[in-house]
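The values are calculated or read from the model by the stated rules, or taken from the named source; none is laboratory data. All values derive from a computational prediction rather than experimental measurement. Don't worry about glycine lacking a Cβ; one is built from the backbone with ideal geometry, like all the others, and counts go over all protein chains shown. Note: accessible area is taken over every heavy atom of the protein model, side chains too, but ligands, DNA and RNA are not part of it. Shrake-Rupley method; radii C 1.70, N 1.55, O 1.52, S 1.80 Å.
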Amino acid sequence: MNQTERIQKMEAAMDRVYKAVKNCQKALDQFASLEKDIDMLNEYYMDGEWRKDYEDDEKGKLPKTLKRGVLSQDALFDLLEESDQLRKILVALDEEEED
């Protein structure tokens with residue numbers, strides 16, 4: 001590989017990494033801005049309101065046109081678990097930076 005080819009290769013790699021870093025930063029900022037939403041969903045799921053809404057939906061008490069993805073048996077739980085795992089990863093990365 002000659003010098004020009006090497007520089008072109010490195011430039012392409014830098015462009016890819018730059019784009020990925022910017023996308024990751026944007027996603028992390030977005031995730032951090034949703035902290036209140038995550039906490040609200042956690043409380044909804046844990047305090048019994050979710051169970052009541054779920055049971056009322058099962059009994060047909062809610063409008064059929066109501067969007068109800070939050071009431072599916074696994075979707076909210078899985079989302080909260082994934083959010084928690086992401087939080088743990090971010091905390092661990094932050095702790096590594098401090099060392």
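Considering region 70-80 alone, what residues qualify as being touching a residue at least 24 places away in the same chain (Cβ under 8 Å) and either open to solvent by 70 Å² or more (accessible area, probe 1.4 Å) or of a type in the set (D, E, K, R) (or both)?
Within region 70-80, Phe77, Leu79 qualify.
Out of (1) open to solvent by less than 90 Å² (accessible area, probe 1.4 Å); (2) among the basic types (Lys, Arg); (3) not in a helix (DSSP H, G or I), what's the single condition that is false for Lys67?
Going through (1) open to solvent by less than 90 Å² (accessible area, probe 1.4 Å); (2) among the basic types (Lys, Arg); (3) not in a helix (DSSP H, G or I) one by one, Lys67 breaks only (1).
Looking at region 28-46 only, could you name the residues that are outside any helix (DSSP H, G or I) and touching a residue at least 60 places away in the same chain (Cβ under 8 Å)?
none
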